[in-house]
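All remarks here apply to the structure that follows.
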Amino acid sequence: MKPLDPVLLQVLAGRRPTCRPVWLMRQAGRFLPEYRELRERKSFAELLRDPELASDVTLMPLRRFDLDAAILFTDLLVLLEAMGIPLAYTPGPELGWTVESAADLERLRPIDTERDLAVPLATAARVRAELASDKALIGFVGAPFTLGCYLVEGKGSKTWNKLRALAWGDPELYLAVMDLLAGAALDFGLAQHRAGCDAIQVFDSWAGVAEPGMFRRLVLPALEKLVLGLKRAGCPVIYFLNGAAPQLETMVETGADCLGIDWRLDIARAHASLPEGLPLQGNLDPTVLLGAPAMIESEARRILRAAGDRPHVFNLGHGLDPGTPLEAVQKLIDTIRAWDGGSPA
Ligand code: CP3
């Protein structure tokens, strides 16, 4: 790997560049005035159908801030839509029907990735062509469990009881669902990589609801299939789990190059319980950015200190709050850059 490769990719390869990579989950979205202005004219669904608009939104945060990576503007759920389930945002996602039986599973259409997901793939190609060579483009897919949450529930939930009940009540159908979703997410991730994404983040936003034994036996195998398939194609993988604390050791078994953790655990303790040199991503509480500048600075420094000299991608512990002030993000990035510049106070 050349020193000029994007710093994010250097960290994913286990190196520790002098300038630490930073990007923010949900950086392409409603906290940006230019995104809100665009949304007055276009619905979210329209943005998802237009590679020109989607690539513009992908690049919006990098025009304003010194971020090291762009993340593809699309949504986790376009994959389920490609399987033939109608999808609406009201504003949370709502699926036209859900999978409750083997017969429902049969109704899902096999995906022709290049045809059915042409928009995000064209978006990736456009962004990679425009993006500076020292910046990374991150593609993403939903983890099988998180996709499964929506597939059986049809809309958001706090506890995702339906998928958990399916796992205990009809393990055979549950495993068939996981296997199908892992295969589809793998094909989509591989296609994103071929289209120009430098790395793939697997979002497991909701697997934190799984009991540890369930996580190991019923969440991990499908994840391994997805992560190893991507890695075999030479694509670096970040595995983000919201609610990572109880599953840290199991997360290592996914084989991901970097583990993304939420804000509820101490990053130094996470490092201590993981193999040496395994890169971590995270983990500022997103609501810190709703606080005073001095608080942003001290909390960011607390994380920088805790990450120490281990390979680290600075990020939030989950997505940016749409109400985050622009100045707060600027303050955060200034703090990170000053620290790596060698002047930590
Ligand atoms: O900036 C980025 O991170 C890239 C874009 C991105 C979106 N969705 C755009 C979006 C990413 C990475 C996602 C992933 C996603 N989508 C996840 C996993 C990440 C996470 O937060 O845990 C999930 C669970 C979804 C499903 C989803 N999409 C929900 C629950 C919602 C409604 C809640 C919300 O934040 O409004 C969406 C809509 C959505 N996806 C928006 C954006 C910018 C808001 C649409 C709008 O109103 O403009």
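Nothing in this text is a laboratory measurement; each read-out follows from the coordinates by a stated rule. A quick note: this is a predicted structure, and the numbers were derived from the prediction, not measured. Every residue, glycine among them, receives a Cβ derived from its backbone with ideal geometry; neighbour counts consider all protein chains shown.
Could you work out how far helix 144-153 tilts from the main Cα principal axis of the chain, as a 0 to 90 degree angle to the nearest 10?
50
Of His312, Thr250, Pro61, whose Cα points farthest to the positive end of the dipole of the chain (charges on the beta-carbon: +1 Lys, Arg; -1 Asp, Glu; origin at the Cα centre)?
His312
Mind checking Rg over Rh on the stretch 106-238, alpha carbons, Kirkwood formula for Rh?
1.00
What distance in nm lies between label points placed 7 Å from Cα along the C-beta direction at Trp97 and Ser157?
1.9
Run the numbers for Arg109 and Glu46: contour at 0.36 nm per residue of separation, minus the present Cα-Cα distance, in nm.
20.4 nm
Quick one: which residues, 5+ away or cross-chain, put their amide H under 5 Å from the amide H of Ile71? H built at 1.01 Å from N.
Under 5 Å from the amide H of Ile71: Ile138.
Please give the charge dipole size of the stretch 66-106, origin at the Cα centre, charges +1 on K and R Cβ atoms and -1 on D and E Cβ atoms. Round to the nearest 20 debye.
Using only the charged Cβ atoms, the result is roughly 100 debye.
Pull up all non-local amide H partners of Cys258: gap of 5 or more, or a different chain, and H-to-H distance under 5 Å with H placed in the peptide plane.
Result for Cys258 returns Val237, Tyr239.
About its Cα centre, what dipole magnitude does the stretch 1-44 give when the only charges are +1 on Lys and Arg Cβ and -1 on Asp and Glu Cβ, stated in debye to the nearest 20? Please list the in-between numbers first.
Working: 10 positive and 4 negative charges, 23 e Å.
So the dipole magnitude of the stretch 1-44 works out to roughly 120 debye.
Have a look at Ile200, Ile296, Ile261 and tell me which one the Gaussian network model of the chain (Cα, springs below 10 Å) gives the largest fluctuation.
Ile296
Give me the one-decimal nm value for the distance between modelled label points at Met295 and Arg216, 7 Å along each residue's Cα-to-Cβ direction.
It works out to 3.9 nm between the two label points.
What are the ³J(HN,Hα) couplings of the stretch 299-313, residue after residue, when phi is run through the Karplus curve with 6.51, -1.76, 1.60 and θ = phi - 60°? Round to Hz, x for glycine and proline.
5, 5, 5, 4, 6, 4, 5, 5, 5, x, 9, 8, x, 9, 9
Any idea what angle helix 220-232 forms with the longest principal axis of the chain, computed on alpha-carbon atoms, 0 to 90 degrees, nearest 10?
60
So what is the orientation-averaged projected area of the stretch 115-170, using the convex hull of its C-alpha atoms, in nm²?
For the stretch 115-170, the mean projected area of the Cα convex hull comes to 6.0 nm².
Treating the Cα atoms of the chain as identical point scatterers in vacuum, please give the log10 of the normalised Debye intensity I(q)/I(0) at q = 0.07, 0.12, 0.13, 0.14 Å⁻¹, two decimals.
-0.27, -0.83, -0.99, -1.17
Which trypsin sites (Lys or Arg not before Pro) in the stretch 47-84 sit in a loop by DSSP (not H, G, I, E or B) and have at most 15 other Cβ atoms within 10 Å of their own Cβ?
Passing both the DSSP loop test and the Cβ count: Arg49.
When only DSSP loop residues count, what GluC sites (Glu not before Pro) in the stretch 220-281 have their Cβ near at most 12 other Cβ atoms within 10 Å?
Glu276
Rounded to the nearest 500, what is the 222 nm mean residue ellipticity of the chain from helices alone, with -39500 (n - 2.57) per DSSP H run of 4+ residues and division by all residues? It would help to have the intermediate numbers written out before the result.
On the way: 16 runs with 160 residues, N = 345.
That calculation yields -13500 deg cm²/dmol at 222 nm.
Of Pro236, Pro61, Pro93, which has the largest mean-square fluctuation in a 10 Å C-alpha GNM of the chain?
Answer for the Gaussian network model of the chain: Pro93.
For Gln201, enumerate residues with amide H under 5 Å from its amide H, sequence gap 5+ or separate chain, H modeled in the peptide plane.
Close amide H contacts, sequence-distant or interchain: Gly139, Phe140, Val141, Ile238.
log₁₀ I(q)/I(0) of the stretch 64-135 at q = 0.13, 0.15, 0.26, 0.28 Å⁻¹, via Debye over equal Cα point scatterers, no solvent, to two decimals?
The calculated log intensity ratios at q = 0.13, 0.15, 0.26, 0.28 Å⁻¹ are -0.54, -0.66, -1.19, -1.27.
How large is the convex hull of the Cα atoms of the stretch 1-134 per residue, expressed in Å³ as a whole number?
In the stretch 1-134, the Cα convex hull volume per residue is 145 Å³.
What ranking, highest mean first, results for peptides 177-184, 115-122 when packing means the other Cβ atoms within 10 Å averaged over each residue?
Top to bottom by mean Cβ count within 10 Å: 177-184, 115-122.
Which value in nm describes the separation of the simple spin-label points at Ala88 and Arg63, placed 7 Å from the Cα toward the beta carbon?
3.2
Ordered by residue, what ³J(HN,Hα) values in Hz, to whole numbers, does the stretch 108-121 give under the Karplus form 6.51 cos²θ - 1.76 cosθ + 1.60, where θ = phi - 60° and Gly and Pro are x?
5, 7, x, 8, 9, 4, 5, 7, 7, 10, 4, 5, x, 5
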